[in-house]
Every structure is written in C-alpha cells, then in structure tokens.
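To start, the structure itself, in structure tokens.
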Amino acid sequence: MDSKSFEDFNFSDDLMEGLYTMGYDVPTPIQQLVIPEILQNKDVLACAQTGTGKTAAYLLPTLQRISELKIPHTSVLIIAPTRELAHQIDQSFQGLAYFTHASSIAIYGGNDGMSFEREKKALMEGTSVVIATPGRLLSHLRMGYVKFNLLDTLILDEADKMLDMGFSDDIVAITQFLPEKRQNLLFSATMPAKIRPLAKRMMKDPVEVNIAISKPAAGITQEAYVVHDAQKAKLLLSLLEGKDIASILIFASTKLVVKSLEKELQRANISCNAIHSDLTQERREEVLLKFRNRNVPVLIATDILSRGIDVENIGLVINYDVPGDAEDYVHRVGRTARAETTGRAVTLIGPKDQSRFAQIEELIETTVPKLELPAELGPGPEWNPLKKKSFGGGGGFKGGKRRFNNKPKRKA
Ligand code: AMP
C-alpha cells in the first residue's frame, strides 16, 4: 500500500485545521485504507480495534462530505453500543469538526426525564450528525419527531459488541426509519460469523478492510512483574538503580502518576524529567531534546509520547502500569528496539491490571515472562487473570492522549 498523507484526501481547510489541532500528522493504516473508499461513497465493512484510529477513519470523510452539502441536514447517524463510546465519539467529533460548520448531538440518555426532553429538543432542532446508543434512539424515533429522511450515511461502531449486547433487533428496527438509499459503514473489533447476516442485510457490496493488530518488533525482550500497588515504586527504583542504560523511558497512564514518579525519582537522586499534557509545547520540546541528547537519562511520560515522537536508542521501556489496550502497549514498547536494534520492555502488572494484560498477550500472541520480584520486596500477588471473552475496546476513555486544545497548530 502506498502510504498516504492527509493532504492526499483533499479535505477542506477547516477540516485540516481540526486535524492539526488534534495533533494528527499522518493517517493511521485504517485511515489510509478506508478514507478513500468512504469518500467514493462505498459501503465499508471494517475490522479494527479501538486504538487504531478507527473513529477518525469514519469521521473525517463524513465531515468532508458534510462540508460539501448544499443544504444542511442531518446526514450522518452513528450508532454505538455504550454511552461511554458514544461520548468518546462525540468528543473526537468536537475536536475534528471544531473549525467546520458541522454539529453533533450525542443521544445516550440519563435516567432522568430531563435528559430525554433535552435530547428531544436537540433532535427536533436538527444537527449534522447524531451519535446514539440503539435503545435510546429507538425510543425517540418511535415518537415520530426525528427526521432522518435526508440521511446519507449510517455508521455502526463496535458492531460485535452491539450484537453481544443483544441490540441486533434494535438496529434493524432503526434502519426502517432511514432512507433505503444510503451509505453504510460497519466497524467492529472482531468479525464473528454472526456479523455477516447483519452486514448482508444492511450493506450493498461492501469493501472489506481488516487491520491486523500490530505486534512488538522481534528485537524487543518483553518482561513483566506481577505486583501489589504498594510494591510498584520500590520495584521501579530497583529497576533503575545502578543501571548503566543510556536512555530509559517510563510510561504511566495518568499525568498525576507521572508527576509523582518524577518527584519520587528525584528524591532518589535519579536524573529524570516528566512529559505530559500539562506542559507547554515549548517545555515538552525542551524536555524531549534533553532526553534525545542524553543530557537526562530517564524520561517519564503519559501516552502522548507513545505515538509518533521518535527518540532513537532507548535501551529500556518501563510500563509503570498496563496501558489501555494492545495498540498502546505495542506503541509504548516499540519506543525501544527501533530500527532493528535490541531493547527491553518491562511492564508492572498491578492487581487490577491482570486481565487487561492477559488480553494484550492474547492479541499480540505472546506470553510475556513474569519475573520473580527482588527478595527485599516480599512476595507479589498470584498471576491469576480473569479471562474475558473478547477484547472489545469498549469505549474506555483514554486520558493522557492527544487532547483537543484551543490552540490551532499548523504543520511547520
Ligand atoms: P480510536 O481507535 O478511534 O479509539 O483512536 C485511538 C486514538 O488515536 C485516539 O486517541 C485518537 O485521538 C488517536 N488518533 C486517531 N487518528 C490519529 C492519527 N492519524 N494520528 C495520531 N493519533 C490519532
């Protein structure tokens, strides 16, 4: 596949502005594959997990089409299984569409009558994009005031999860309220056989796209420690002390933890810096430069650093906690052993993270060795993860990632 840049898609200037503000420089593989198909009005059946950039893969081309509409109307309906995912999609929408005229409503309800009324009012006033959970949307549709007669595109996100949750009939019922002639996009983290009948019923000759989850490079030695939360900081120190490794990158999921680790390491006289979304762009660049130039050997980061930013020759990556999903894990550990060199990646697995780590192992098809804790730390917990049926993305909102901020930044 020839690799594409966002410039190749001829998006409107307003949309490009949103993209750069979100910090997206290069389309992810799923975006490269599906954006041209969606722009050509084809139906698409895509298998892609959370973390692959699937949301922007369908939002960007649909936003482009909205910008070309002569008469504004509700043109896109996105159905998602959970409130969390619907909210997350809406947030991505708000970021990407910030400089465009497109608007959205998220319909996922609360338990009070007030929120139903609010949604009803918003639906009647009209909007470019409706993002909804199936049951709630159906309740509104059955009241008769929602007008989808001009709808151009129906998008199902996490279709596998919707089927698991028993929404199949609701989805079919919703389609009865939509124009027959429309574009259909179905995204799913997995492609179980039961998706096929739904796809067949809804879609016309869909283009099928499958994004295999990436795996860590062969040169990376992956290891893990199963720990109690109270053992983590001490273990981290023992992993760092006396190590003669040029560059060490430590990842933690929240900026709060990143900041407290910075203090902890400084107290132990380990020269380090932290990088997270509270820092100004200038300070981030300064910190990165020091790390790149080897003036500061240890960098502690949230996931903003796990994608995109290139630092060569990192000898050791430590995951102070288990990342949100497999894609994040691959990005984090991929900071070491770049360009066919070798490197080590060590993950600290706290009691609450065991199942997530087991799912990551399943997806990267690797059993990461669990090392024995240093004797002075005492025994850790048993490695006993509860296996879940499938790794569903599931809308876990990922903090610490590329965040929308109000300062547009153009590519230099
Ligand atoms: P998703 O798979 O849609 O849940 O997206 C995963 C994460 O990747 C989200 O935090 C997005 O904001 C981010 N993302 C999506 N597309 C890109 C891109 N082209 N470059 C950088 N980050 C992206």
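The values are calculated or read from the model by the stated rules, or taken from the named source; none is laboratory data. Quantities reported herein were computed from a predicted structural model and do not represent experimental measurements. No Cβ is skipped: glycine too gets one built from the backbone with ideal geometry, and neighbour counts run over all protein chains shown. When the accessible area is computed, the model is the full protein with side chains, heavy atoms only, and any ligands, DNA or RNA have been set aside. Shrake-Rupley method; radii C 1.70, N 1.55, O 1.52, S 1.80 Å.
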* Structure fact -> In nm, the gap between the two label points placed 7 Å beyond Cα toward Cβ at K200 and K120 is 4.0
* To do: For region 6-211, calculate the relative contact order in percent as a whole number, restricting contacts to Cα pairs under 8 Å that are 6 or more residues apart.
  => 29
* Round to a whole angstrom and tell me the spacing of the C-alpha centers of region 2-77 and region 208-252. => 33
* Structure fact -> If R0 = 30 Å, then L289 and K4, at their Cβ-Cβ distance, give a FRET efficiency to the nearest 0.05 of 0.50
* **Cα-based convex hull, the chain, per residue volume (Å³, whole number)** => 156
* **Cross-link pairs beyond the 21 Å C-alpha cut-off, checked among K42/K200; K147/K181; K263/K370; K232/K259; K120/K204** => K263/K370; K120/K204
* Surface accessible to a 1.4 Å probe, S3 within the full protein complex, Å² -> 100
* Structure fact -> In whole µm²/s, the translational diffusion coefficient that Stokes-Einstein assigns to region 6-211, given a Kirkwood hydrodynamic radius over C-alpha pairs, 20 °C and 1.002 mPa s, equals 126
* Asked: What aspartates and glutamates sit close enough to K352 to cross-link, taking a C-alpha to C-alpha distance under 17 Å and skipping anything fewer than 8 places away on the same chain?
  -> D229, D321, D325, E361, E382
* Asked: Give me the log10 of I(q) over I(0) for region 220-377 at q = 0.12, 0.16, 0.18 Å⁻¹, as the Debye formula computes it from C-alpha points; what are the numbers?
  -> -0.47, -0.86, -1.12
* Identify the residues of region 45-84 with backbone N under 11 Å of a label point that sits 7 angstrom from the Cα of K147 along the Cα-to-Cβ direction, or state none. => 73-74
* To do: Take each of the peptides 222-231, 167-176, 321-330, average the number of other beta-carbon atoms within 10 Å over its residues, and list them starting from the highest.
  => 321-330, 222-231, 167-176
* Structure fact -> From DSSP H assignment alone, runs of 4+ in the chain each adding -39500 (n - 2.57), the sum over residues rounded to the nearest 500 puts [θ] at 222 nm at -10500 deg cm²/dmol
* **Volume per residue that the Cα convex hull of region 142-216 spans, once the total is divided by residue count, Å³** => 117
* To do: Using the Cα centre as the reference, give the magnitude of the dipole from point charges on the C-beta atoms of the chain (Lys, Arg: +1; Asp, Glu: -1; all else neutral), rounded to the nearest 20 debye.
  => 440
